[in-house]
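The values are calculated or read from the model by the stated rules, or taken from the named source; none is laboratory data. Note that the coordinates shown come from a computational prediction; the quantities given were computed from them, not determined experimentally. Counting neighbours? That spans all protein chains shown, and the Cβs are built from the backbone with ideal geometry, glycine included. Just the protein is used for accessible areas: all its heavy atoms, side chains included, with ligands, DNA and RNA removed. Shrake-Rupley method; radii C 1.70, N 1.55, O 1.52, S 1.80 Å.
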Amino acid sequence: MPNPAARAAESIAPARLGRSFRVLLITSVITNTGDGIALAAGPLLVASQTRDPLLVSFALLAQNLPVLLFGFAAGVVADRVDRVRLIAVVNLVRAAILAVLAMTIVTGVVSIAVVLVALFVLGTAETFADIGSSSLLPRLVRREDLGIANARITGSVLLTNQLIAPPIGALLFVIGMALPFAADAAGFALGALLVTRIVYSFAPDPSTVPERRHWRHEMAEGLQWLFHHPPMRTLFLTILLFNVTFGAAWSVLVLYAQERLGMTDVGFGLITTAMAVGGIIGTVSYGRLERRFALADIMRVGLLIETGTHLVLALTTVPAVALVTFVVFGAHAFVWGTTSTAVRQRAVPDALLGRVTGVYHVGVMLGVVIGTPIGGLLARQYGITAPFWFGFIGSAILVAILWRQFDNIVHASEHPGDAGTTAVGVHS
C-alpha cells in the first residue's frame, strides 16, 4: 500500500505526466516562491527609495512594459532555440540581476534608478521565461493531459507566489532589506540547474522545423498563422476584449474597496487572498471538471461568471458579498485560463507555438493597458461603480456574440494545424 507521501505526490503530479513534468513543477515551486518573496519586498524597496507617486507608478510600468515590447520577439526565440536551455539561461539572468540588486542594497548604493532598471530587466526576462515555459509543456506530456498539467503548474504559482511567499518576503525585508532579493536570486539559480534535467517526451519532428529566416519574417509567420486560423483568432480576440473589460474594472479596485465597500488597507489585501483561494479551489477541482464537462461549456460558463462578477460588484456594498464574489472569480479565472492555454497548446503546431504564445501574451497585456484608462475616466466622470457597469455590459455583449464559437475553438484543438499552415508553409 503506498505511503501518504506517495499518494500526495500522485495526486499533485500523477505518474502519467512523467518525471520531466515533475522536475518542471518543482522548478516552478522554487522559482515562484522566490518571486512571491520579491512580490512583497519589491514595493517596500521602491517606497524606501522614493515617495513620488509618479516614480512609484513607474515601478509597475517597468515590470509590465516588457511584455508589450518583447512578447513577439520572445516567441520567435522560443521557436528558434531549445526551450529548456532558454528557461535555464533566463533564470540565470534573473539570479544575476537579483544578486546585483541585493549587493547594491548591502553596499548602500541602491537608488530608485537602479531599482527601476532592475525591474525592467527582470520583467523582460520573465516575458521570455513565461513564453518558453508555456511552449515547453506540450513536449513533456500527452495532449490529453495538457489540461491537468497546466492546472498543476498554475496552482503552484498561486500557492507560492500569492499565498505563502509574500508574508515571508515582507518579514525578510524587515530583518534585512537585501535578504528577500538574495533569496529570490538563490531560487532562480537553483531553478536554472533543475530545469536542465528535463528530457523531452515528445521531441518535435525535424521535418516540421522550418528553415531559419530573418526574425521579422518569422514573427510575421506566427501572426499570419493566427490570422488564417479562425478558431485561434477568435480565442485571441476573446482574451483581448475580456481583458479590456477586466482592466477597466480592476484599475479602480483599491478605490472601489475603500469608497464603495468601506474596507481598510488590510481588507483590500483580503481581495487578493480571496482570489488566490478561489484559484486553489479551481486547482483542486480542475481534473474533475475536465472529465465531467465539455471544454466549450467550461469556457462558456466561465465567461458568464466573469460577467456576473462585474454585475455583483456594481451592485453590492457589503464586503462579505464582494469577497465571496472574488473567490468565485478567482476560481473562474484559473479554470478558464488553464482551459484556454491547453486548447491553444493542442491547436498550434509546435514549430509555431512560441510565436503564437507570444502574440497571446501581448494580447493579454494590451487589453489591460487599453482598459485601465477607460476605467479611470469612467470612474472620474460617473462614479466608482461605472467601470464595473462597463465591464458587465461589455462582457454580456461579448458572451452573446461569442457563445456559439467555443465549439469551433475546442474542436480546432483536436486537429492541430488544420487551418493556416499551408498559408505560412510550416507543414507540407
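A few notes on this one:
- On the stretch given as the range 289-308, residues that are without any contact (Cβ under 8 Å) to a residue 40 or more places away in the chain and buried (at least 20 other Cβ atoms within 10 Å of the Cβ) total 1.
- Residue that is farthest from the chain's Cα centre (by Cα) [pool: residues in the range 254-271 that are of a type outside the set (G, A, S), buried (at least 19 other Cβ atoms within 10 Å of the Cβ) and in a helix (DSSP H, G or I)]: R260
- Criterion: closer than 30 Å to F406 by Cβ and free of Cβ contacts under 8 Å to residues at least 24 places away in the same chain - qualifying residue of A248, A151, A220: A220
- P387 being in a helix (DSSP H, G or I), in contact (Cβ under 8 Å) with a residue 60 or more places away in the chain, over 24 Å from V77 (Cα atoms) and out of contact with any helix residue (DSSP H, G or I) (no Cβ under 7 Å at 6 or more places or on another chain): no
- Looking only at the range 53-84, residues that are more than 19 Å from the chain's Cα centre (by Cα) and without any contact (Cβ under 8 Å) to a residue 24 or more places away in the chain come to 6 in all.
- When every residue of the range 396-404 is checked against the conditions, none turns out to be modelled with pLDDT of 90 or more, buried (at least 22 other Cβ atoms within 10 Å of the Cβ) and closer than 18 Å to E306 by Cα.
- Qualifying residue in the range 141-155 (condition: buried (at least 18 other Cβ atoms within 10 Å of the Cβ), of a type in the set (S, T, N, Q) and modelled with pLDDT under 90): yes
- Scan of the range 156-171 for residues that are over 18 Å from I26 (Cα atoms), open to solvent by 40 Å² or more (accessible area, probe 1.4 Å) and touching a residue at least 40 places away in the same chain (Cβ under 8 Å), ordered by number: P167, I168
- For the range 309-323, the set of residues classified as touching a residue at least 24 places away in the same chain (Cβ under 8 Å) and more than 17 Å from I384 (Cβ to Cβ) consists of L323 only.
- Residue match in the range 309-317 (condition: touching a Gly at 6+ places or on another chain (Cβ under 6 Å) and either buried (at least 21 other Cβ atoms within 10 Å of the Cβ) or of a type in the set (V, I, T) (or both)): yes
- V426 being at pLDDT 90 or above and on the phi < 0 side of the Ramachandran plot: no
- Sole residue being assigned to a helix (DSSP H, G or I), open to solvent by 20 Å² or more (accessible area, probe 1.4 Å), of a type in the set (F, W, Y) and over 21 Å from A47 (Cβ atoms), chosen from F242, F246, F188: F246
- Hey, R380 among the charged types (D, E, K, R), under 20 Å from P230 (Cβ atoms), at pLDDT below 95 and out of contact with any Lys or Arg (no Cβ under 7 Å at 6 or more places or on another chain) or not: no
- Condition met for V348 (open to solvent by less than 40 Å² (accessible area, probe 1.4 Å) and either over 18 Å from F242 (Cα atoms) or not β-branched (V, I, T) (or both)): yes
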